[in-house]
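The values are calculated or read from the model by the stated rules, or taken from the named source; none is laboratory data. Note that this is a predicted model, so its numbers are computed, not measured. Don't worry about glycine lacking a Cβ; one is built from the backbone with ideal geometry, like all the others, and counts go over all protein chains shown. Accessible surface is based on the protein model in full, side chains and every heavy atom, while ligands, DNA and RNA are left aside. Shrake-Rupley method; radii C 1.70, N 1.55, O 1.52, S 1.80 Å.
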Amino acid sequence: MAHLPKTELTELPQFLNRATQVALDYWNSLSVSPVAQLGLSQLPKTLPETLAAMGWGTAQTLEKFQREILPGLSASAGGRYWGFVTGGTTPAALVGDWLVTATDQNLMVPGDSIATALELATLDLLKQLFDLPVDQFAGSLTTGATAANLVNLATARQWGGHKLGQNIARDGLTDLDQFALFATTPHASQLKAQGILGFGQRHWTKVRGLPDANGQEGEAMDIEDLELQLKASSAPIKIVISSAGTVTTTAFDDFQAIARLCQIHHAWHHLDGAFGLFARCSSRYRHLTQGAELADSITVDCHKWLNVPYDCGVALTRHRDLLEETFAVGAAYLNTEDTLPSLMNRGIENSQRFRGLPIWFSLMAYGSEGVQAMVESCCGLARQLADWIAISAHYHLLLPAHLNVVLFAGQFTGDQVTVNRLNQALLSRINQTGKVFLSPGYYQGQFCFRAALSNWRTGEEDLAIAQTALEAAYQGIISDNLL
Ligand SMILES: Cc1ncc(COP(=O)(O)O)c(C=O)c1O
(Lines give C-alpha, C1' and ligand atoms only; values in the text may rest on other atoms or scores of the structure.)
Protein backbone atom coordinates (compact mmCIF):
# COMPACT_ATOMS: atom_id res chain seq x y z
CA MET A 1 0.00 0.00 0.00
CA ALA A 2 1.42 3.36 -1.00
CA HIS A 3 0.96 6.45 1.12
CA LEU A 4 -2.36 7.92 -0.02
CA PRO A 5 -2.87 6.62 -3.53
CA LYS A 6 -5.33 8.16 -5.96
CA THR A 7 -7.06 4.77 -6.12
CA GLU A 8 -8.48 5.55 -2.68
CA LEU A 9 -10.69 8.08 -4.45
CA THR A 10 -11.74 5.83 -7.30
CA GLU A 11 -12.56 3.05 -4.85
CA LEU A 12 -14.53 5.37 -2.55
CA PRO A 13 -17.95 4.13 -3.78
CA GLN A 14 -16.98 0.57 -2.78
CA PHE A 15 -15.73 1.76 0.59
CA LEU A 16 -18.93 3.67 1.25
CA ASN A 17 -21.09 0.75 0.15
CA ARG A 18 -19.12 -1.55 2.37
CA ALA A 19 -19.30 0.91 5.30
CA THR A 20 -23.05 1.22 4.77
CA GLN A 21 -23.37 -2.55 4.93
CA VAL A 22 -21.28 -2.71 8.11
CA ALA A 23 -23.44 0.01 9.66
CA LEU A 24 -26.65 -1.72 8.61
CA ASP A 25 -25.46 -5.04 10.00
CA TYR A 26 -24.71 -3.29 13.28
CA TRP A 27 -28.12 -1.59 13.33
CA ASN A 28 -29.99 -4.74 12.36
CA SER A 29 -28.35 -6.76 15.09
CA LEU A 30 -28.89 -4.22 17.86
CA SER A 31 -31.87 -6.11 19.25
CA VAL A 32 -29.90 -9.34 19.65
CA SER A 33 -26.36 -8.08 20.34
CA PRO A 34 -25.03 -7.87 23.90
CA VAL A 35 -26.13 -4.45 25.10
CA ALA A 36 -22.81 -3.78 26.80
CA GLN A 37 -19.37 -5.33 26.56
CA LEU A 38 -18.15 -5.21 30.13
CA GLY A 39 -14.51 -5.06 31.09
CA LEU A 40 -13.00 -4.95 27.61
CA SER A 41 -9.94 -2.91 28.50
CA GLN A 42 -7.52 -4.73 26.18
CA LEU A 43 -7.44 -4.46 22.42
CA PRO A 44 -7.21 -7.73 20.45
CA LYS A 45 -3.60 -8.89 20.11
CA THR A 46 -4.09 -8.95 16.34
CA LEU A 47 -4.14 -5.16 16.23
CA PRO A 48 -0.75 -3.50 15.84
CA GLU A 49 0.57 -1.46 18.73
CA THR A 50 3.10 0.43 16.69
CA LEU A 51 2.46 2.85 13.88
CA ALA A 52 3.44 1.32 10.55
CA ALA A 53 5.18 3.35 7.87
CA MET A 54 2.96 1.79 5.21
CA GLY A 55 -0.77 1.76 5.93
CA TRP A 56 -3.28 -0.94 5.10
CA GLY A 57 -5.50 1.20 2.90
CA THR A 58 -9.16 1.86 3.65
CA ALA A 59 -10.59 -1.49 2.51
CA GLN A 60 -8.37 -3.55 4.76
CA THR A 61 -8.72 -1.10 7.66
CA LEU A 62 -12.49 -1.37 7.41
CA GLU A 63 -12.23 -5.14 7.38
CA LYS A 64 -10.05 -5.04 10.50
CA PHE A 65 -12.50 -2.70 12.20
CA GLN A 66 -15.39 -4.99 11.38
CA ARG A 67 -13.60 -8.12 12.57
CA GLU A 68 -11.65 -6.88 15.58
CA ILE A 69 -13.29 -3.73 16.91
CA LEU A 70 -16.98 -3.69 16.05
CA PRO A 71 -17.78 -6.86 18.08
CA GLY A 72 -16.34 -5.08 21.12
CA LEU A 73 -18.65 -2.06 20.86
CA SER A 74 -21.78 -1.69 22.94
CA ALA A 75 -25.31 -1.63 21.56
CA SER A 76 -25.75 1.88 22.94
CA ALA A 77 -27.64 2.87 19.78
CA GLY A 78 -30.24 0.21 20.58
CA GLY A 79 -33.40 0.06 22.66
CA ARG A 80 -32.12 -1.47 25.90
CA TYR A 81 -29.10 0.68 26.70
CA TRP A 82 -30.66 2.51 29.62
CA GLY A 83 -27.49 3.73 31.30
CA PHE A 84 -26.71 7.44 31.85
CA VAL A 85 -29.17 9.32 29.60
CA THR A 86 -28.40 7.81 26.24
CA GLY A 87 -30.26 8.69 23.09
CA GLY A 88 -29.69 6.63 19.96
CA THR A 89 -29.60 7.90 16.44
CA THR A 90 -32.62 8.20 14.19
CA PRO A 91 -32.21 7.37 10.48
CA ALA A 92 -32.54 11.04 9.52
CA ALA A 93 -29.92 12.07 12.09
CA LEU A 94 -27.56 9.35 10.90
CA VAL A 95 -27.85 10.50 7.29
CA GLY A 96 -27.35 14.12 8.36
CA ASP A 97 -24.33 13.21 10.44
CA TRP A 98 -22.68 11.26 7.64
CA LEU A 99 -23.12 14.26 5.40
CA VAL A 100 -21.51 16.48 8.03
CA THR A 101 -18.40 14.37 7.61
CA ALA A 102 -18.63 14.10 3.85
CA THR A 103 -19.04 17.84 3.35
CA ASP A 104 -16.58 18.72 6.15
CA GLN A 105 -17.71 22.33 6.57
CA ASN A 106 -16.09 24.57 9.14
CA LEU A 107 -18.66 26.61 11.05
CA MET A 108 -16.06 28.92 12.57
CA VAL A 109 -16.91 32.04 10.56
CA PRO A 110 -19.59 32.71 7.93
CA GLY A 111 -18.96 34.03 4.48
CA ASP A 112 -17.99 31.07 2.33
CA SER A 113 -21.14 28.95 2.40
CA ILE A 114 -24.75 28.65 3.48
CA ALA A 115 -23.76 26.51 6.47
CA THR A 116 -23.84 29.26 9.13
CA ALA A 117 -27.28 30.35 7.95
CA LEU A 118 -28.53 26.78 8.33
CA GLU A 119 -26.94 26.39 11.75
CA LEU A 120 -28.64 29.59 12.95
CA ALA A 121 -31.94 28.56 11.38
CA THR A 122 -31.62 25.20 13.17
CA LEU A 123 -31.12 26.99 16.47
CA ASP A 124 -34.34 28.88 15.76
CA LEU A 125 -36.13 25.60 15.04
CA LEU A 126 -34.89 24.25 18.36
CA LYS A 127 -36.20 27.32 20.16
CA GLN A 128 -39.57 26.66 18.52
CA LEU A 129 -39.38 23.00 19.53
CA PHE A 130 -38.80 24.02 23.15
CA ASP A 131 -41.31 26.86 22.93
CA LEU A 132 -38.75 29.53 23.78
CA PRO A 133 -39.10 33.07 22.39
CA VAL A 134 -37.04 32.88 19.20
CA ASP A 135 -35.98 36.52 19.16
CA GLN A 136 -35.02 36.66 22.81
CA PHE A 137 -32.56 33.78 22.90
CA ALA A 138 -29.29 33.44 21.01
CA GLY A 139 -26.70 30.75 21.30
CA SER A 140 -24.69 28.04 19.71
CA LEU A 141 -24.36 24.30 19.36
CA THR A 142 -21.73 22.72 21.56
CA THR A 143 -20.07 19.34 21.98
CA GLY A 144 -22.60 18.45 24.69
CA ALA A 145 -24.37 19.68 27.81
CA THR A 146 -21.10 19.90 29.72
CA ALA A 147 -19.76 22.41 27.20
CA ALA A 148 -23.13 24.20 27.12
CA ASN A 149 -23.04 24.59 30.90
CA LEU A 150 -19.51 25.94 30.59
CA VAL A 151 -20.48 28.43 27.86
CA ASN A 152 -23.50 29.61 29.83
CA LEU A 153 -21.62 29.96 33.10
CA ALA A 154 -18.85 31.86 31.34
CA THR A 155 -21.49 34.28 30.03
CA ALA A 156 -22.96 34.63 33.52
CA ARG A 157 -19.47 35.37 34.82
CA GLN A 158 -19.09 38.08 32.19
CA TRP A 159 -22.44 39.55 33.26
CA GLY A 160 -21.18 39.59 36.85
CA GLY A 161 -17.99 41.29 35.73
CA HIS A 162 -20.00 44.03 34.01
CA LYS A 163 -21.86 44.70 37.23
CA LEU A 164 -18.49 45.12 38.94
CA GLY A 165 -17.17 47.32 36.15
CA GLN A 166 -14.85 44.59 34.88
CA ASN A 167 -14.36 42.64 31.67
CA ILE A 168 -13.48 39.22 33.08
CA ALA A 169 -12.98 37.51 29.71
CA ARG A 170 -10.33 40.10 28.91
CA ASP A 171 -8.79 40.83 32.30
CA GLY A 172 -9.44 37.71 34.34
CA LEU A 173 -11.38 36.92 37.48
CA THR A 174 -9.87 38.85 40.35
CA ASP A 175 -12.27 38.60 43.24
CA LEU A 176 -14.03 35.33 43.63
CA ASP A 177 -15.78 36.45 46.83
CA GLN A 178 -17.88 38.88 44.83
CA PHE A 179 -19.69 35.89 43.30
CA ALA A 180 -22.18 33.60 45.03
CA LEU A 181 -23.55 30.55 43.22
CA PHE A 182 -26.71 28.85 44.51
CA ALA A 183 -27.91 25.38 43.59
CA THR A 184 -29.63 22.35 45.07
CA THR A 185 -28.55 19.46 42.84
CA PRO A 186 -26.09 20.73 40.24
CA HIS A 187 -25.04 18.17 37.66
CA ALA A 188 -21.38 17.09 37.88
CA SER A 189 -20.73 18.92 34.62
CA GLN A 190 -21.84 22.16 36.26
CA LEU A 191 -19.19 21.70 38.92
CA LYS A 192 -16.65 20.93 36.21
CA ALA A 193 -17.58 24.22 34.52
CA GLN A 194 -17.16 26.08 37.82
CA GLY A 195 -13.72 24.54 38.24
CA ILE A 196 -12.62 25.49 34.73
CA LEU A 197 -13.94 29.03 35.01
CA GLY A 198 -12.09 29.81 38.23
CA PHE A 199 -15.06 29.67 40.60
CA GLY A 200 -13.89 26.34 41.97
CA GLN A 201 -15.93 23.17 42.09
CA ARG A 202 -16.67 23.70 45.78
CA HIS A 203 -17.54 27.39 45.67
CA TRP A 204 -21.32 27.20 45.76
CA THR A 205 -24.10 27.50 48.31
CA LYS A 206 -26.37 24.54 48.80
CA VAL A 207 -30.06 25.43 48.76
CA ARG A 208 -32.19 22.94 50.68
CA GLY A 209 -34.19 20.42 48.65
CA LEU A 210 -37.95 20.09 48.85
CA PRO A 211 -39.38 16.86 50.28
CA ASP A 212 -39.76 14.25 47.54
CA ALA A 213 -42.61 11.77 47.07
CA ASN A 214 -41.32 9.76 50.04
CA GLY A 215 -41.13 12.81 52.30
CA GLN A 216 -37.31 12.77 52.19
CA GLU A 217 -35.24 15.84 51.30
CA GLY A 218 -35.24 15.67 47.53
CA GLU A 219 -33.37 17.17 44.61
CA ALA A 220 -35.76 20.01 43.69
CA MET A 221 -35.00 23.44 45.08
CA ASP A 222 -36.85 24.70 48.14
CA ILE A 223 -37.81 28.19 47.02
CA GLU A 224 -38.23 29.50 50.56
CA ASP A 225 -34.69 28.48 51.35
CA LEU A 226 -33.44 30.05 48.11
CA GLU A 227 -35.11 33.30 49.13
CA LEU A 228 -33.46 33.19 52.56
CA GLN A 229 -30.06 32.43 51.05
CA LEU A 230 -30.32 35.19 48.47
CA LYS A 231 -31.33 37.69 51.15
CA ALA A 232 -28.52 36.56 53.44
CA SER A 233 -25.81 36.76 50.79
CA SER A 234 -23.77 39.95 50.68
CA ALA A 235 -22.10 38.97 47.39
CA PRO A 236 -22.93 41.58 44.72
CA ILE A 237 -23.10 38.92 42.00
CA LYS A 238 -25.55 36.08 42.45
CA ILE A 239 -26.03 33.17 40.08
CA VAL A 240 -28.79 30.60 40.62
CA ILE A 241 -28.34 27.24 38.93
CA SER A 242 -31.55 25.27 38.48
CA SER A 243 -32.36 21.86 37.02
CA ALA A 244 -34.96 20.62 34.59
CA GLY A 245 -34.52 16.92 35.24
CA THR A 246 -31.82 15.97 37.74
CA VAL A 247 -29.95 12.93 36.62
CA THR A 248 -30.94 10.62 39.51
CA THR A 249 -34.49 11.52 40.49
CA THR A 250 -35.55 13.64 37.48
CA ALA A 251 -36.46 16.52 39.78
CA PHE A 252 -37.62 19.81 38.26
CA ASP A 253 -37.28 23.16 39.98
CA ASP A 254 -39.98 25.81 40.07
CA PHE A 255 -38.62 28.06 37.31
CA GLN A 256 -41.29 30.70 37.62
CA ALA A 257 -40.55 31.19 41.31
CA ILE A 258 -36.80 31.20 40.64
CA ALA A 259 -37.23 33.82 37.90
CA ARG A 260 -39.22 36.01 40.30
CA LEU A 261 -36.55 35.77 43.00
CA CYS A 262 -33.77 36.36 40.51
CA GLN A 263 -35.50 39.51 39.36
CA ILE A 264 -35.88 40.80 42.92
CA HIS A 265 -32.29 39.96 43.87
CA HIS A 266 -30.73 40.88 40.53
CA ALA A 267 -29.44 37.36 40.09
CA TRP A 268 -28.67 35.39 36.93
CA HIS A 269 -30.76 32.26 36.44
CA HIS A 270 -29.07 29.39 34.62
CA LEU A 271 -31.21 26.37 33.85
CA ASP A 272 -29.67 22.97 33.06
CA GLY A 273 -32.28 21.07 31.08
CA ALA A 274 -29.94 18.65 29.34
CA PHE A 275 -32.69 16.07 28.92
CA GLY A 276 -35.55 17.44 31.04
CA LEU A 277 -36.22 20.37 28.73
CA PHE A 278 -37.63 17.82 26.28
CA ALA A 279 -40.65 17.63 28.61
CA ARG A 280 -41.68 20.87 26.88
CA CYS A 281 -42.21 18.96 23.64
CA SER A 282 -45.28 17.22 25.07
CA SER A 283 -48.46 18.75 26.43
CA ARG A 284 -48.52 15.91 29.01
CA TYR A 285 -45.16 16.84 30.55
CA ARG A 286 -44.79 20.48 29.64
CA HIS A 287 -46.07 21.72 33.01
CA LEU A 288 -42.82 20.46 34.58
CA THR A 289 -40.90 23.19 32.79
CA GLN A 290 -43.23 26.14 33.26
CA GLY A 291 -41.21 29.34 33.48
CA ALA A 292 -38.10 27.84 31.83
CA GLU A 293 -38.50 30.51 29.13
CA LEU A 294 -37.68 33.16 31.74
CA ALA A 295 -34.15 31.89 32.47
CA ASP A 296 -31.09 33.95 31.53
CA SER A 297 -29.38 30.90 30.08
CA ILE A 298 -30.42 27.38 29.21
CA THR A 299 -28.54 24.15 28.50
CA VAL A 300 -30.05 21.30 26.53
CA ASP A 301 -28.59 18.24 24.86
CA CYS A 302 -29.68 17.02 21.44
CA HIS A 303 -27.52 13.89 21.63
CA LYS A 304 -29.75 12.81 24.47
CA TRP A 305 -33.46 12.81 23.75
CA LEU A 306 -33.47 14.19 20.22
CA ASN A 307 -31.53 11.06 19.25
CA VAL A 308 -28.88 12.70 17.11
CA PRO A 309 -25.34 11.29 17.30
CA TYR A 310 -22.90 12.53 19.92
CA ASP A 311 -21.32 15.97 19.81
CA CYS A 312 -24.50 17.96 20.03
CA GLY A 313 -25.38 20.18 22.99
CA VAL A 314 -27.10 23.57 22.92
CA ALA A 315 -26.24 26.73 24.87
CA LEU A 316 -28.89 29.46 24.79
CA THR A 317 -28.92 32.84 26.48
CA ARG A 318 -30.91 36.05 26.55
CA HIS A 319 -27.60 37.96 26.63
CA ARG A 320 -26.19 37.64 23.15
CA ASP A 321 -23.82 40.61 23.55
CA LEU A 322 -22.29 39.17 26.69
CA LEU A 323 -21.99 35.74 25.09
CA GLU A 324 -20.09 37.21 22.17
CA GLU A 325 -17.96 39.43 24.37
CA THR A 326 -16.98 36.34 26.37
CA PHE A 327 -15.88 34.23 23.44
CA ALA A 328 -14.75 36.66 20.76
CA VAL A 329 -11.03 36.93 20.12
CA GLY A 330 -9.49 38.96 17.35
CA ALA A 331 -7.15 37.73 14.64
CA ALA A 332 -6.83 39.21 11.18
CA TYR A 333 -7.39 35.90 9.38
CA LEU A 334 -10.69 35.44 11.22
CA ASN A 335 -12.22 38.73 10.11
CA THR A 336 -15.26 38.43 7.90
CA GLU A 337 -17.40 40.94 6.06
CA ASP A 338 -20.45 38.78 6.49
CA THR A 339 -23.55 40.06 8.25
CA LEU A 340 -24.10 36.76 10.00
CA PRO A 341 -22.41 36.21 13.36
CA SER A 342 -19.25 34.15 13.64
CA LEU A 343 -20.11 31.07 15.63
CA MET A 344 -16.57 30.92 16.99
CA ASN A 345 -17.60 34.00 19.00
CA ARG A 346 -20.36 32.08 20.71
CA GLY A 347 -18.56 29.09 22.12
CA ILE A 348 -15.38 27.25 22.96
CA GLU A 349 -14.14 26.11 19.58
CA ASN A 350 -12.94 28.22 16.72
CA SER A 351 -13.05 25.53 14.02
CA GLN A 352 -16.13 23.40 14.53
CA ARG A 353 -18.15 20.81 12.71
CA PHE A 354 -21.55 21.41 11.13
CA ARG A 355 -23.43 20.24 14.24
CA GLY A 356 -26.74 21.69 13.14
CA LEU A 357 -27.11 19.38 10.15
CA PRO A 358 -28.17 16.17 11.98
CA ILE A 359 -30.60 18.25 14.05
CA TRP A 360 -31.97 19.90 10.94
CA PHE A 361 -32.41 16.50 9.26
CA SER A 362 -34.28 15.20 12.33
CA LEU A 363 -36.55 18.20 12.67
CA MET A 364 -37.30 18.29 8.94
CA ALA A 365 -37.89 14.54 8.78
CA TYR A 366 -40.04 14.08 11.87
CA GLY A 367 -41.35 17.52 12.85
CA SER A 368 -42.32 18.55 16.37
CA GLU A 369 -44.89 15.78 16.56
CA GLY A 370 -42.21 13.19 15.86
CA VAL A 371 -40.19 14.47 18.81
CA GLN A 372 -43.29 14.63 20.96
CA ALA A 373 -44.12 11.01 20.11
CA MET A 374 -40.58 9.89 20.97
CA VAL A 375 -40.70 11.68 24.35
CA GLU A 376 -44.15 10.33 25.19
CA SER A 377 -43.25 6.81 24.15
CA CYS A 378 -40.14 6.76 26.37
CA CYS A 379 -42.11 8.17 29.32
CA GLY A 380 -44.96 5.68 28.79
CA LEU A 381 -42.53 2.76 28.70
CA ALA A 382 -40.74 4.07 31.80
CA ARG A 383 -44.09 4.14 33.60
CA GLN A 384 -44.81 0.56 32.50
CA LEU A 385 -41.43 -0.57 33.77
CA ALA A 386 -42.06 1.26 37.05
CA ASP A 387 -45.47 -0.42 37.39
CA TRP A 388 -43.87 -3.83 36.88
CA ILE A 389 -41.18 -3.06 39.47
CA ALA A 390 -43.76 -1.80 41.95
CA ILE A 391 -45.45 -5.23 42.04
CA SER A 392 -42.29 -7.31 41.62
CA ALA A 393 -41.33 -9.76 44.37
CA HIS A 394 -37.63 -9.01 43.90
CA TYR A 395 -37.36 -5.31 43.13
CA HIS A 396 -38.76 -2.18 44.60
CA LEU A 397 -39.43 1.21 43.12
CA LEU A 398 -37.77 4.08 44.94
CA LEU A 399 -39.74 6.96 43.44
CA PRO A 400 -42.67 7.32 41.03
CA ALA A 401 -41.43 7.54 37.42
CA HIS A 402 -42.79 10.89 36.33
CA LEU A 403 -40.65 11.22 33.19
CA ASN A 404 -38.27 8.76 31.51
CA VAL A 405 -36.09 7.59 34.41
CA VAL A 406 -36.95 4.66 36.67
CA LEU A 407 -35.14 4.51 40.00
CA PHE A 408 -35.20 1.14 41.71
CA ALA A 409 -33.23 -1.47 43.63
CA GLY A 410 -33.31 -5.15 44.54
CA GLN A 411 -35.34 -6.21 47.55
CA PHE A 412 -32.89 -7.30 50.24
CA THR A 413 -32.93 -7.27 54.00
CA GLY A 414 -30.12 -6.28 56.33
CA ASP A 415 -28.28 -3.15 57.26
CA GLN A 416 -27.54 -0.48 54.64
CA VAL A 417 -24.00 -1.71 54.02
CA THR A 418 -25.22 -5.26 53.33
CA VAL A 419 -28.11 -4.11 51.17
CA ASN A 420 -25.85 -1.78 49.16
CA ARG A 421 -23.31 -4.58 48.65
CA LEU A 422 -26.02 -6.94 47.41
CA ASN A 423 -27.40 -4.31 45.08
CA GLN A 424 -23.96 -3.62 43.66
CA ALA A 425 -23.59 -7.35 42.98
CA LEU A 426 -27.07 -7.39 41.46
CA LEU A 427 -26.33 -4.45 39.15
CA SER A 428 -23.20 -6.23 37.89
CA ARG A 429 -25.26 -9.32 37.19
CA ILE A 430 -27.96 -7.35 35.40
CA ASN A 431 -25.42 -5.69 33.15
CA GLN A 432 -23.60 -8.99 32.59
CA THR A 433 -26.76 -10.49 31.11
CA GLY A 434 -26.07 -8.36 28.04
CA LYS A 435 -29.82 -7.86 27.72
CA VAL A 436 -30.06 -4.46 29.35
CA PHE A 437 -27.63 -1.86 30.63
CA LEU A 438 -28.34 0.29 33.68
CA SER A 439 -26.21 2.79 35.53
CA PRO A 440 -25.89 3.19 39.28
CA GLY A 441 -27.21 5.91 41.53
CA TYR A 442 -27.63 6.68 45.19
CA TYR A 443 -30.97 7.56 46.69
CA GLN A 444 -30.93 8.63 50.35
CA GLY A 445 -27.72 6.68 50.87
CA GLN A 446 -29.11 3.59 49.19
CA PHE A 447 -27.26 2.19 46.19
CA CYS A 448 -29.78 1.89 43.38
CA PHE A 449 -30.24 1.46 39.64
CA ARG A 450 -31.26 4.02 37.08
CA ALA A 451 -33.04 3.03 33.89
CA ALA A 452 -33.19 6.08 31.62
CA LEU A 453 -35.32 5.39 28.55
CA SER A 454 -34.32 7.89 25.88
CA ASN A 455 -34.04 5.89 22.67
CA TRP A 456 -36.57 6.14 19.82
CA ARG A 457 -36.21 2.38 19.18
CA THR A 458 -37.26 1.22 22.63
CA GLY A 459 -40.52 -0.73 22.56
CA GLU A 460 -42.63 -3.07 24.66
CA GLU A 461 -40.59 -6.05 23.45
CA ASP A 462 -37.54 -4.44 25.06
CA LEU A 463 -39.38 -4.13 28.35
CA ALA A 464 -40.21 -7.84 28.25
CA ILE A 465 -36.59 -8.81 27.54
CA ALA A 466 -35.32 -6.49 30.29
CA GLN A 467 -37.81 -7.87 32.81
CA THR A 468 -36.70 -11.43 32.10
CA ALA A 469 -33.07 -10.33 32.52
CA LEU A 470 -33.86 -8.59 35.81
CA GLU A 471 -35.50 -11.76 37.12
CA ALA A 472 -32.61 -13.95 35.96
CA ALA A 473 -30.06 -11.65 37.60
CA TYR A 474 -31.91 -11.75 40.91
CA GLN A 475 -32.19 -15.54 40.73
CA GLY A 476 -28.42 -15.61 40.17
CA ILE A 477 -27.91 -13.78 43.46
CA ILE A 478 -30.10 -16.37 45.19
CA SER A 479 -28.48 -19.41 43.59
CA ASP A 480 -25.00 -18.13 44.40
CA ASN A 481 -26.05 -17.99 48.07
CA LEU A 482 -25.18 -14.34 48.26
CA LEU A 483 -28.21 -13.57 50.42
C1 LIG B 1 -28.69 17.44 33.69
C2 LIG B 1 -27.45 17.13 32.93
N3 LIG B 1 -26.57 18.11 32.66
C4 LIG B 1 -25.44 17.89 31.98
C5 LIG B 1 -25.12 16.63 31.52
C6 LIG B 1 -23.83 16.42 30.78
O7 LIG B 1 -24.09 16.05 29.47
P8 LIG B 1 -22.93 15.63 28.45
O9 LIG B 1 -22.39 14.34 28.99
O10 LIG B 1 -23.62 15.49 27.17
O11 LIG B 1 -21.91 16.69 28.43
C12 LIG B 1 -26.01 15.57 31.76
C13 LIG B 1 -25.71 14.21 31.31
O14 LIG B 1 -26.40 13.26 31.62
C15 LIG B 1 -27.21 15.83 32.47
O16 LIG B 1 -28.09 14.87 32.72
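A few comments on the model shown:
- 16 Å cut-off, amide nitrogen to a point 7 angstrom out along Ser29 Cα→Cβ, residues in the range 73-88: 73-79
- Using the average count of surrounding beta-carbon atoms within 10 Å as a protection proxy, the listed peptides 408-418, 466-476 rank, highest first, as 466-476, 408-418.
- Whichever aspartates and glutamates have a C-alpha closer than 17 Å to that of Lys206, once near sequence neighbours (fewer than 8 apart) are set aside: Asp177, Glu217, Glu219, Asp222, Glu224, Asp225, Glu227, Asp253, Asp254, Asp272
- Pairs from the list Lys64/Lys127; Lys6/Lys64; Lys192/Lys231; Lys127/Lys238; Lys45/Lys435 with a Cα-Cα gap above 31 Å: Lys64/Lys127.
- When the Cα gyration tensor is reduced to axis lengths a ≥ b ≥ c, the ratio a/c is 1.5 or higher for the chain, and with a/b not above b/c it is classed as oblate.
- Taking the protein heavy atoms of the chain in the context of the full set of protein chains, the accessible area attributed to carbon and sulfur is 54 percent at 1.4 Å.
- Inter-centroid distance (Cα atoms) of the range 173-232 relative to the range 59-104, Å: 37
- Relative contact order [Cα under 8 Å, 6+ residues apart], the chain, whole percent: 22
- Around Ala409: net Lys/Arg minus Asp/Glu count, Cβ-Cβ under 14 Å: +3
- Kirkwood hydrodynamic radius of the range 106-355, from inverse mean 1/r over distinct Cα pairs, in Å: 18.3
- A Förster radius of 41 Å combined with the Cβ-Cβ distance from Glu349 to Ala393 puts the calculated FRET efficiency at roughly 0.20.
- Backbone N atoms of the range 164-185 closer than 16 Å to the 7 Å Cα→Cβ label point of Val329 belong to residues 168-173.
- In the chain, taking the dipole from charged Cβ atoms about the Cα centre, the farthest positive-side position among Ala425, Trp268, Met108 is held by Ala425.
- Additional length obtainable on full extension of the chain from His265 to Ser283, 0.36 nm per residue less Cα span: 3.3 nm
- If you sort the three axes of the alpha carbon gyration tensor as a ≥ b ≥ c, you get a/c of 1.5 or more for the range 7-75 and a/b no higher than b/c, which makes it oblate.
- For the range 106-355, with +1 on Lys and Arg beta carbons and -1 on Asp and Glu, the positive-most of Thr289, Pro341, Phe354 along the dipole: Thr289
- Derived value for the range 224-272: Kirkwood hydrodynamic radius 11.3 Å. Basis is the mean of 1/r over every pair of different alpha-carbon atoms.
- For the range 49-166: Kirkwood Rh in Å [reciprocal of mean 1/r, alpha carbons]: 19.0
- Close amide H partners of Thr142, meaning residues 5 or more places away or on another chain with modelled amide H under 5 Å apart, are Gly313, Val314, Ala315.
- Unit charges at the beta carbon, dipole of the range 161-249: most positive-side option, Ser243, Ala169, Pro211: Ala169
- Computed 3J(HN,Hα) for the range 240-248, one whole-Hz value per residue from the Karplus formula 6.51 cos²θ - 1.76 cosθ + 1.60 where θ = phi - 60°, is 9, 10, 10, 10, 9, x, 6, 6, 8, glycine and proline marked x.
- Here the chain is assigned +1 on the Cβ of each Lys and Arg and -1 on the Cβ of each Asp and Glu. Its dipole about the Cα centre then comes out at about 620 debye.
- Solvent exposure, largest accessible area first (probe 1.4 Å, DNA, RNA and ligands not counted), of Trp456, Trp159: Trp456, Trp159
- Taken about its Cα centre, the range 101-260 carries a charge dipole of roughly 480 debye when the Cβ of each Lys and Arg holds +1 and the Cβ of each Asp and Glu holds -1.
- Counting only protein heavy atoms and a 1.4 Å probe, the chain has 45 square angstrom of accessible area per residue.
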